[in-house]
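The values are calculated or read from the model by the stated rules, or taken from the named source; none is laboratory data. Keep in mind the model is a prediction, meaning the values are calculated, not measured. Note that we place each Cβ from the backbone using ideal geometry, even for glycine, and neighbour counts take in every protein chain shown. Side chains included, ligands, DNA and RNA excluded: accessible areas come from the protein's heavy atoms. Shrake-Rupley method; radii C 1.70, N 1.55, O 1.52, S 1.80 Å.
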Amino acid sequence: MNIQVVGVIGAGVMGIGVSQNLAQTGHHVLLLDISEEILERAKQEIRNSVRFQGFFNKNEKSENPDDILNRIKFSTNYQLLEDAEFIIENATEKWEIKKDIYSKIDAICQPNTVFAANTSAISITRIASVTKRASQVIGIHFMNPVPMKPMVEMIRGYHTSDPTIEIAKNLLAQMGKECIVVNDSPGFVSNRVLMLTINEAIFVIQDQVASVEEVDRIFKTCFGHKMGPLETADLIGLDTILSSIEVLYDSFNDSKYRPSPLLKKMVDAGLHGRKSGRGFYIYQ
Ligand code: NAD
């Protein structure tokens with residue numbers, strides 16, 4: 001089954017990357033968000049990102065950003081999603097927001113449309129429970145920046161069927177990606193481990209054990225990681241980190257997932273990382 005039309009919900013960091021990747025691999029994208037202003041910014045970011053890729057991939061034939069953008073329809077109208085064969089949802093990491101979205105799209109989309117949640121931590125089984133198509137709901141945890149990351153974590157919810165997994169794998173292959181399939185549990189594998197690490201690194205800063213640069217350098221030089229936990233936090237977005245660790249805290253009822261007060265303070269202060277221009281580091 002060759003999927004042609006994909007609905008992408010949420011035009012933030014991840015929705016932009018997913019839409020660009022889909023359009024660059026020949027798909028038609030319906031990109032939804034809640035305001036025209038957000039969609040206009042998304043259009044500019046995709047244009048810049050395609051140009052940037054062309055600049056770095058000098059050996060490959062560079063793509064015209066307008067050709068990519070022509071394959072993306074930017075809209076605030078959910079009704080468009082009745083034409084989508086597959087949905088990738090990338091809205092804000094808040095259960096109340098996702099819950100409303102899934103009950104809405106369940107009523108609008110065709111009965112055979114598959115829903116993929118690109119969530120950091122929310123249980124796929126819980127998301128599926130607000131739809132009448134639990135066997136067609138799956139988790140696809142994309143990595144950031146999406147067009148450059150060839151691997152994703154795929155999550156099998158309690159009711160996710162084998163055909164749904166095959167359809168999702170097929171779409172990922174069309175997007176040039178492979179996956180590792182894991183069972184559903186809050187945070188899955190990646191974020192159950194990563195969010196704890198990042199949160200603890202923020203406690204280390206709060207306790208003045210070391211500077212931001214020193215913490216990141218320890219992970220890079222001692223462990224060979226490409227990025228340290230605080231740089232990673234800035235890339236993901238501190239608001240998304242806070243929401244994810246709160247989901248883990250609520251889901252497991254385990255105090256080891258309590259968010260660091262410094263993380264909360266930074267989010268309240270608008271220091272959301274790269275996307276806001278400032279987090280643990282300053283970005284121009
Ligand atoms: P973001 O804050 O950059 O973007 C979220 C977007 O969702 C915003 O543009 C917001 O306006 C939009 N939105 C909110 N309510 C909506 C609605 N009802 N309908 C349509 N759009 C709506 O967040 P992000 O970093 O792109 O994360 C999106 C999802 O992807 C989250 O669930 C997050 O946990 C997950 N995720 C993030 C990363 C990462 O590195 N940032 C990686 C993997 C998964």
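I'm told residue 30 meets every condition in (1) in contact with a Lys or Arg (Cβ under 7 Å, 6 or more places away or on another chain); (2) modelled with pLDDT under 95 except one. Can you identify the failing condition by its number?
Here residue 30 clears every test but (2).
Which residues, counting only those in the range 88-139, are closer than 15 Å to residue 240 by Cα, among the charged types (D, E, K, R) and open to solvent by 30 Å² or more (accessible area, probe 1.4 Å)?
Of everything in the range 88-139, those that are closer than 15 Å to residue 240 by Cα, among the charged types (D, E, K, R) and open to solvent by 30 Å² or more (accessible area, probe 1.4 Å) turn out to be 94, 96.
Go through 22, 39, 30 for me and flag whichever is out of contact with any helix residue (DSSP H, G or I) (no Cβ under 9 Å at 6 or more places or on another chain), open to solvent by less than 50 Å² (accessible area, probe 1.4 Å) and in the same structural domain as residue 141 (by TED's automatic domain parsing). Explain how you work it out, then say what you get.
Numbers: 22 fails: out of contact with any helix residue (DSSP H, G or I) (no Cβ under 9 Å at 6 or more places or on another chain); 30 fails: out of contact with any helix residue (DSSP H, G or I) (no Cβ under 9 Å at 6 or more places or on another chain).
Result: 39 is the single residue among 22, 39, 30 that is out of contact with any helix residue (DSSP H, G or I) (no Cβ under 9 Å at 6 or more places or on another chain), open to solvent by less than 50 Å² (accessible area, probe 1.4 Å) and in the same structural domain as residue 141 (by TED's automatic domain parsing).
Tell me whether the range 59-81 contains one or more residues that are open to solvent by less than 10 Å² (accessible area, probe 1.4 Å), touching a residue at least 60 places away in the same chain (Cβ under 8 Å) and either of a type outside the set (Lys, Arg) or touching a helix residue (DSSP H, G or I) at 6+ places or on another chain (Cβ under 6 Å) (or both).
yes
May I ask you to verify whether residue 200 is closer than 17 Å to residue 114 by Cα and either part of a loop (DSSP other than H, G, I, E, B) or open to solvent by 20 Å² or more (accessible area, probe 1.4 Å) (or both)? Before you say what the answer is, go through the steps one by one.
Working: closer than 17 Å to residue 114 by Cα: no; either part of a loop (DSSP other than H, G, I, E, B) or open to solvent by 20 Å² or more (accessible area, probe 1.4 Å) (or both): yes.
For residue 200, the condition - closer than 17 Å to residue 114 by Cα and either part of a loop (DSSP other than H, G, I, E, B) or open to solvent by 20 Å² or more (accessible area, probe 1.4 Å) (or both) - is not met.
Take the residues of the range 140-152 that are open to solvent by 10 Å² or more (accessible area, probe 1.4 Å) and near the ligand (Cβ under 9 Å from one of its atoms): which is nearest to residue 87 (Cα to Cα)? Before the answer, list the steps.
Quick first cut of the range 140-152, residues open to solvent by 10 Å² or more (accessible area, probe 1.4 Å) only: 141, 143-145, 147-151.
With the extra rule that they be near the ligand (Cβ under 9 Å from one of its atoms), the set shrinks to 141, 143-145.
On the way: 141: 13, 143: 17, 144: 19, 145: 19 Å.
For the range 140-152, the residue satisfying everything is 141.
Please enumerate the residues belonging to the range 5-51 that are farther than 18 Å from residue 176 by Cβ and more than 11 Å from the ligand (Cβ to nearest atom).
The answer is 5, 30, 36, 40, 43, 44, 47, 48, 51.
From the residues in the range 88-115 that are touching a helix residue (DSSP H, G or I) at 6+ places or on another chain (Cβ under 6 Å) and more than 11 Å from the ligand (Cβ to nearest atom), which one is nearest to residue 172 (Cα to Cα)?
114
Which of the following residues is open to solvent by 10 Å² or more (accessible area, probe 1.4 Å) and within 23 Å of the chain's Cα centre (by Cα): 239, 234, 207? Before the answer, list the steps.
Numbers: 234 fails: open to solvent by 10 Å² or more (accessible area, probe 1.4 Å); 207 fails: within 23 Å of the chain's Cα centre (by Cα).
Selected residue: 239, the only one of 239, 234, 207 that is open to solvent by 10 Å² or more (accessible area, probe 1.4 Å) and within 23 Å of the chain's Cα centre (by Cα).
Here's a check for you: in the range 238-259, which residue that is within 12 Å of the ligand (Cβ to nearest atom) and acidic (Asp, Glu) is farthest from residue 186 (Cα to Cα)?
Step one: filter the range 238-259 for residues within 12 Å of the ligand (Cβ to nearest atom), giving 238-248.
Applying the additional criterion that residues be acidic (Asp, Glu) yields 239, 246.
Working: 239: 18, 246: 11 Å.
Here the residue is 239.
Taking the range 229-255, which residues are farther than 24 Å from residue 15 by Cα and touching a residue at least 24 places away in the same chain (Cβ under 8 Å)? Show your work before the answer.
Narrowing the range 229-255 to residues farther than 24 Å from residue 15 by Cα: 249-255.
Result: 251, 252.
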